[in-house]
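There's a structure below that I have some questions on.
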Amino acid sequence: MSSDGHHNLNKVSAAGLLITLGIIYGDIGTSPLYVMKSIVGDRPINSDVVLGGISLIIWTLTLQTTIKYVMLTLRADNKGEGGIFALYALVRRSKKRWLLLPAIVGGSMLLADGIITPPISVSSAVEGLAVFGIAKETIIPIVIGILIALFVAQQFGTGLIGKSFGPIMFVWFSMLAVLGVANLAGAPGILKALSPHYAVNLLINPPDGFHPLVLLGAVFLCTTGAEALYSDLGHCGRKNIRVSWGFVKSALILNYMGQGAWLIQHDGKMMSDFAGGNPFYSMMPEWFNAIGIVIATAAAIVASQALISGSFTLINEAIRLNLWPKVKIKYPTELKGQLYIPSLNWMLMLGCIGVVLYFKESGAMEAAYGLAIVITMLMTTILLSYYLYMKRFPGFVIVILLIVYLTIEVLFLVANLEKFPHGGFITVLIACTLILVMWIWYDARKIRNQYQEFVKLKDYLPLLDTLKEDQSIPKYSTHLVYLSSANMADEIESKIVYSILQKQPKRADVYWFVHVDVVDEPYMLEYKVTPLVSNDVIRIDFYLGFRVPPRINLMFRKVVEDMVRNHEVDITSRYESLNRKNVIGDFRFVVLEKYLSNENVLPFYQRLILNIYYFMKPITLSEERAFGLDNSNVVVEKVPIILSQVRDLNMKRRENPAISGTGTPPQQ
């Protein structure tokens, strides 16, 4: 990102605040739809539980969301970008391999949470129709229909409807605040919940029938969207998030208190006795129910959209960091950062529909919700602490932060583990699958690079010059371009040398070697040209941020145009007839597609990782498409990867009796 973009982190504007409301507060903003309902449960309403529960919510939002994320974590920006992979890109500069684990675990858990958030948000909103006597069997198809429409719309981008997200969420939070204030007069004693005394008392002395861990698991749902505040730092800016959070937090607390005041007035009754069975809808005036349901549904759709977009961004970053298989990525609009990943979109859609069909109602979905996100928060705490250590923060400050937040989040984790057999296993199972894919993809690349053989290019320059002048070999191309993984400008893979000189001698006038280096700065877009032999052998290094799509064909063309303009290279055809007419020479890209040779003898772990890697490879994007190369001028060559050969086969030659003159020829 440019320095201007980095500077804009601390700018505040009315438009910026509105955009922030629409992008990052959907998840945490729709939590009033189900948190108090989850705390009360299917037991008689208990005033002490309500008072203590709201106190826990207030202090969870303060400690976990306000202090940890808004005040502390937003400081850890990577050239203006946030999120767990951006944080990992910051700390991986220390070369500590163990830091990869919290990044992979946190990212996978965040993705797994994306399969639960849209169903629970949309279901909680649409279930408000129960106040009109609409049966659950009718609500389920409505929820599924909304989710399908939401995912189908992704391929067209959100450029147009995205402009309405901010106003929708402003109306939503305003409604939350007004409803809360309107109900406070019924039981003003609920204001006592501002004191942490009631939170601590509820956990130490819970009423009969209420378990403190179950209550903590329900309370945690109020802060599940906190990670989004950090993930969307680059879209909104630090200052806009901090200023808007004051409005959002106030609206949330007022609404929770309003629900609490309504519940206290109905102490001893069952929520099932009320239409809809949800204090959020029950505290609304009857005349406002239909309006409230429409606004809540719109807010739930915005929340789901924000999470889906966040999942696309997360996978895009994982691909660029070599933590995920290369898949097709589209850019439906010209808006910066907006992308669409078809495979992920349909996977999320099927997962969300499966969740709705399995749990059938939002109350049951709460069992699967929260476990994955609390693990993400734990991983963020670990990475953030190491980042502060790298920034030379005082040791005692880091230790205090670790103790406080590891204690809070481990308590929430233990509380959420109670949900594991009731549905939490679904998100954990999904997350573990994602962790396995990320680890295999990362480790397979490390194993391959470990055995990659590089040679000094200068040793082969005389051969290239001789090949270029050899008229007995048909010219392969005027300009021949290879993608190279060699980090050093004076090195090249031995496989490329084999492709040029031995597999099929490729005579060309100009040889180009292109290397792509993914850097930790999210939006860097730079290149370097190294002429190894003037106008004959040229190397280009691209330095791309982990959020920049590698459109190598387009980028390479731009570099060549700049070089021609600076008289650094002549790209006219070297064919005499075409050269006289100044016709531009042809360019041909060669991509080496590697496969695992049967000659390898590897340790069990490495063989297992590579076998799984190559099993998944066919369903991923081909190398040429992943690098944005045009198919018309690309040649794909298959080359074997020989990582570890059998050194001695102990083969013995038999003498042929018919030739040696001894014995009789063998029978056929």
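Taking into account only those residues within region 174-184 that are in contact (Cβ under 8 Å) with a residue 12 or more places away in the chain and over 13 Å from Tyr256 (Cβ atoms), which is most open to solvent (accessible area, probe 1.4 Å)? Walk me through how you get there before you give the answer.
Step one: list which residues in region 174-184 are in contact (Cβ under 8 Å) with a residue 12 or more places away in the chain, which gives 174-177, 179-184.
If we keep only those that are over 13 Å from Tyr256 (Cβ atoms) as well, we get 174-175, 182.
Values: Ser174: 35, Met175: 13, Ala182: 74 Å².
Selected residue: Ala182.
Still on this structure, I have one more. Could you identify the single residue in Tyr331, Tyr340, Tyr369 that is crowded, with 24+ Cβ neighbours inside 10 Å, of a type in the set (Phe, Trp, Tyr) and within 29 Å of Ile168 (Cα to Cα)? Don't jump to the end; show me each part of the working.
Values: Tyr331 fails: crowded, with 24+ Cβ neighbours inside 10 Å; Tyr340 fails: crowded, with 24+ Cβ neighbours inside 10 Å.
Only one candidate qualifies: Tyr369.
For Ile408, only one of the following conditions fails: (1) open to solvent by 60 Å² or more (accessible area, probe 1.4 Å); (2) more than 21 Å from Leu111 (Cα to Cα). What is its number?
(1)
Find all pairs meeting these conditions: Cβ atoms under 6 angstrom apart; at least six residues apart or on different chains; first residue within region 511-535 and free of Cβ contacts under 8 Å to residues at least 24 places away in the same chain; second residue part of a strand (DSSP E or B) and open to solvent by 50 Å² or more (accessible area, probe 1.4 Å).
What qualifies is Glu526/Tyr543.
Follow-up question, since we're still on this one. Do we have any residue at all in region 103-114 that's open to solvent by less than 10 Å² (accessible area, probe 1.4 Å) and not in a helix (DSSP H, G or I)?
Yes: one or more hits.
Okay, next question. For residues in region 154-176 being modelled with pLDDT of 85 or more and of a type in the set (A, V, I, L, M), which is nearest to the chain's Cα centre (by Cα)?
Met169
Would you confirm, using the coordinates I've provided, whether Val302 is under 30 Å from Lys11 (Cα atoms) and either under 23 Å from the mean Cα position of the chain (by Cα) or open to solvent by less than 40 Å² (accessible area, probe 1.4 Å) (or both)? Lay out the reasoning, then the answer.
On the way: under 30 Å from Lys11 (Cα atoms): yes; either under 23 Å from the mean Cα position of the chain (by Cα) or open to solvent by less than 40 Å² (accessible area, probe 1.4 Å) (or both): yes.
Answer is yes for this residue.
If you don't mind, another one. With respect to the numbered conditions (1) surrounded by 22 or more Cβ atoms within 10 Å (Cβ to Cβ); (2) hydrophobic (A, V, I, L, M, F, W, C); (3) touching a helix residue (DSSP H, G or I) at 6+ places or on another chain (Cβ under 7 Å), which one is the sole condition not fulfilled by Ala89?
With (1) surrounded by 22 or more Cβ atoms within 10 Å (Cβ to Cβ); (2) hydrophobic (A, V, I, L, M, F, W, C); (3) touching a helix residue (DSSP H, G or I) at 6+ places or on another chain (Cβ under 7 Å) applied to Ala89, the lone miss is (3).
For the list (1) within 17 Å of Ile23 (Cβ to Cβ); (2) touching a Leu at 6+ places or on another chain (Cβ under 6 Å), I need the number of the one condition that Ala228 fails.
(2)
Please tell me if Ile168 is farther than 20 Å from Trp346 by Cβ and touching an Asp or Glu at 6+ places or on another chain (Cβ under 7 Å). Outline the logic, then answer.
On the way: farther than 20 Å from Trp346 by Cβ: yes; touching an Asp or Glu at 6+ places or on another chain (Cβ under 7 Å): no.
No.
Please give the number of the condition Leu323 fails out of (1) part of a helix (DSSP H, G or I); (2) crowded, with 22+ Cβ neighbours inside 10 Å.
Result: Leu323 fails condition (1) only.
Just to be sure before I move on: is Gly217 buried (at least 21 other Cβ atoms within 10 Å of the Cβ) and at pLDDT below 90 in the structure I sent? Outline the logic, then answer.
On the way: buried (at least 21 other Cβ atoms within 10 Å of the Cβ): yes; at pLDDT below 90: yes.
Considered against the rule, which asks whether it is buried (at least 21 other Cβ atoms within 10 Å of the Cβ) and at pLDDT below 90, Gly217 comes out as yes.
Right, next: Are any residues in region 538-555 open to solvent by less than 10 Å² (accessible area, probe 1.4 Å) and either under 18 Å from Ile492 (Cβ atoms) or out of contact with any strand residue (DSSP E or B) (no Cβ under 7 Å at 6 or more places or on another chain) (or both), and if so, which ones? Reasoning before the result, please.
Step one: list which residues in region 538-555 are open to solvent by less than 10 Å² (accessible area, probe 1.4 Å), which gives 538-542, 544-546, 552.
Those that are open to solvent by less than 10 Å² (accessible area, probe 1.4 Å) and either under 18 Å from Ile492 (Cβ atoms) or out of contact with any strand residue (DSSP E or B) (no Cβ under 7 Å at 6 or more places or on another chain) (or both): Ile538, Arg539, Ile540, Asp541, Phe542, Ile552.
Being part of a loop (DSSP other than H, G, I, E, B) and on the phi < 0 side of the Ramachandran plot is the filter here, so list the residues in region 188-234 that pass it. Spell out the reasoning first.
Pass one, region 188-234, residues part of a loop (DSSP other than H, G, I, E, B): 195, 205-211, 224-225, 232.
Residues satisfying the conditions are Ser195, Asn205, Pro206, Pro207, Asp208, Phe210, His211, Thr224, Gly225, Asp232.
Tally up the residues in region 185-196 that are under 39 Å from the mean Cα position of the chain (by Cα) and surrounded by fewer than 19 Cβ atoms within 10 Å (Cβ to Cβ), please.
The initial filter retains those residues of region 185-196 that are under 39 Å from the mean Cα position of the chain (by Cα), namely 193-196.
When the remaining residues are screened for being surrounded by fewer than 19 Cβ atoms within 10 Å (Cβ to Cβ), the result is 194-196.
Residues in region 185-196 being under 39 Å from the mean Cα position of the chain (by Cα) and surrounded by fewer than 19 Cβ atoms within 10 Å (Cβ to Cβ): 3 in total.
Then there is this: If I ask for residues that are at pLDDT below 90, in a helix (DSSP H, G or I) and among the basic types (Lys, Arg), which ones from region 66-82 would you list?
The answer is Arg75, and nothing else.
Just one of the numbered conditions (1) of a type outside the set (Val, Ile, Thr); (2) surrounded by fewer than 20 Cβ atoms within 10 Å (Cβ to Cβ); (3) closer than 16 Å to Ser385 by Cα is not true of Gly133; which one?
Failing condition for Gly133: (3).
Turning to a different aspect of this structure: Kindly indicate which of Thr376, Thr380, Thr407 is over 18 Å from Gly225 (Cα atoms), of a type in the set (S, T, N, Q) and either out of contact with any strand residue (DSSP E or B) (no Cβ under 6 Å at 6 or more places or on another chain) or touching a residue at least 12 places away in the same chain (Cβ under 8 Å) (or both). Before the answer, list the steps.
Details: Thr376 fails: over 18 Å from Gly225 (Cα atoms); Thr380 fails: over 18 Å from Gly225 (Cα atoms).
Only one candidate passes the filter, namely Thr407.
Residues in region 431-446: is at least one farther than 30 Å from Glu493 by Cα, open to solvent by 50 Å² or more (accessible area, probe 1.4 Å) and out of contact with any Ser or Thr (no Cβ under 6 Å at 6 or more places or on another chain)? Outline the logic, then answer.
First, the residues of region 431-446 that are farther than 30 Å from Glu493 by Cα: 431-435.
So of that shortlist, the ones also open to solvent by 50 Å² or more (accessible area, probe 1.4 Å) come out as 432-433.
After this cut, where a residue has to be out of contact with any Ser or Thr (no Cβ under 6 Å at 6 or more places or on another chain) as well, the list is 432-433.
Yes - at least one qualifying residue is present in region 431-446.
Test Thr530 against the stated conditions and say whether it is within 40 Å of the chain's Cα centre (by Cα), polar (S, T, N, Q) and over 30 Å from Asp232 (Cα atoms).
On the way: within 40 Å of the chain's Cα centre (by Cα): yes; polar (S, T, N, Q): yes; over 30 Å from Asp232 (Cα atoms): yes.
Yes; evaluated as a whole, the condition is true for this residue.
Okay, next question. How about region 629-650: which of its residues are assigned to a loop (DSSP other than H, G, I, E, B) and at pLDDT 75 or above? First the steps, then the outcome.
Keep residues of region 629-650 that are assigned to a loop (DSSP other than H, G, I, E, B), which gives 629-630, 642-644, 646-650.
Result: Leu629, single match.
What single numbered condition from (1) open to solvent by less than 70 Å² (accessible area, probe 1.4 Å); (2) free of Cβ contacts under 8 Å to residues at least 40 places away in the same chain; (3) more than 26 Å from Lys458 (Cβ to Cβ) fails to hold for Met563?
(3)
The values are calculated or read from the model by the stated rules, or taken from the named source; none is laboratory data. The structure presented is a predicted model; accordingly, all values stated were derived computationally and were not measured. Glycine gets a Cβ as well: all are built from the backbone with ideal geometry, and neighbour counts include every protein chain shown. Side chains are part of the model used for accessible areas, which takes the heavy atoms of the whole protein and leaves out ligands, DNA and RNA. Shrake-Rupley method; radii C 1.70, N 1.55, O 1.52, S 1.80 Å.
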